[in-house]
Amino acid sequence: MTQRAPGSLTCRCGRRSVTVEEDYADPPTADRVTIDADNTAIGASYAKATGAPRFAHGFHRPPGTVTSTFGEWRTFNDGHRAQHLGLDFAAREGSPVAAIDDGIVTLVRDTFLAGTIVVIAPGGGISSLYFHFSKAFVAEGDKVAQGGKIGLVGHTGRTTGPHLHLSFHVPGGMVDPASFIKLPIDARGKLAAQTGGQVLPSASSSSAMNTATDPPG
Ligand SMILES: [Zn+2]
């Protein structure tokens with residue numbers, strides 16, 4: 001099906017209903033304060049995604065079938081809708097997660113909605129975000145190499161089960177990780193001029209969550 005996504009881009013976005021624990025579907029006030037603090041921390045991590053690109057090769061695709069695509073609309077228990085701003089990969093609880101590229105860890109945080117998250121900046125203004133870990137092996141400021149183990153798959157935060165959620169933020173909004181994974185990058189780290197994907201501006205352009213309470217699941 002085709003529908004208009006924010007930013008007037010055409011999006012072939014699927015729809016699905018998601019049932020989660022009531023506190024995650026409609027968080028009480030105290031949790032909303034936590035969610036706001038999480039969003040602020042994630043926004044601050046984007047500001048650290050500076051410097052020249054550190055990658056000299058393509059991004060590794062995480063293993064596992066894609067179970068939820070970028071831009072999909074979800075309807076939660078209470079009927080409110082949110083757009084999924086990342087890619088979900090099927091993965092077993094406790095399986096190791098490898099960094100998809102070289103970079104600097106800009107945030108490790110236990111968040112209300114996205115669970116334990118790791119944000120890695122591979123340079124060039126890009127942030128890659130990994131959600132729902134059961135355990136993180138890295139700390140802010142760490143340098144990670146492509147393929148390095150950064151944590152374990154879990155189902156922390158608002159999820160319906162264990163999986164790896166991956167998001168990409170660039171200045172201006174969230175982009176489809178599938179676009180980055182496909183990019184041909186040469187040995188000098190030269191990025192193709194055309195990323196070939198759509199950009200969906202997040203509400204404040206400062207968060208992976210398109211409203212205060214709606215992270216990618
Ligand atoms: Zn997700």
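Bear in mind these aren't lab numbers, they're just calculated from the coordinates by the rules spelled out. Every value quoted in this text rests on a predicted model; they were computed, and no experiment measured them. Methodologically, a virtual Cβ is constructed for each residue, glycine included, from the backbone with ideal geometry; neighbour enumeration extends over all protein chains shown.
Given just the C-alpha atoms of the stretch 3-200, how large is their convex hull per residue in cubic angstrom?
Residue-normalised Cα hull volume stands at 115 Å³.
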note: the stretch 36-98, Cα-Cα separations exceeding 15 Å make up a percent value of 73
Answer in debye to the nearest 20: the dipole magnitude of the stretch 101-192 about its Cα centre, from +1 Lys/Arg and -1 Asp/Glu charges placed on Cβ, is 80
Within the under-14-Å Cβ sphere about Asp23, not counting Asp23, Lys/Arg +1 and Asp/Glu -1 give a net charge of -3
Once the dipole of the stretch 3-200 is set up from charges on Cβ (+1 Lys and Arg, -1 Asp and Glu), the residue from the list Thr69, Phe59, Gly115 lying farthest towards its positive end is Phe59
Residues other than Ala139 with Cβ under 15 Å of its Cβ, Lys/Arg counted +1 and Asp/Glu -1, net out at +2
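How do Ser134, Ser17, Ser68 line up, fewest other C-beta atoms within 10 Å first? Before the final figure, lay out each step's value.
Details: Ser134 16, Ser17 10, Ser68 21.
Least to most surrounded, the residues fall as Ser17, Ser134, Ser68.
In the stretch 63-138, which trypsin sites (Lys or Arg not before Pro) fall in coil by DSSP and have 12 or fewer other Cβ atoms within 10 Å?
Working: sites: Arg74, Arg81, Arg92, Arg109, Lys135; in loops: Arg92.
Those that pass, being in a loop and sparsely packed, are Arg92.
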Around Gly148 (Cβ within 15 Å, Cβ-to-Cβ, excluding Gly148; K/R +1, D/E -1) the net charge comes to +1
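Taking the Cα centre of the stretch 3-200 as origin, work out the dipole magnitude from +1 charges on Lys and Arg Cβ and -1 charges on Asp and Glu Cβ, in debye rounded to 20. Numbers along the way, then the final one.
Numbers: 19 positive and 18 negative charges, 152 e Å.
About 720 debye.
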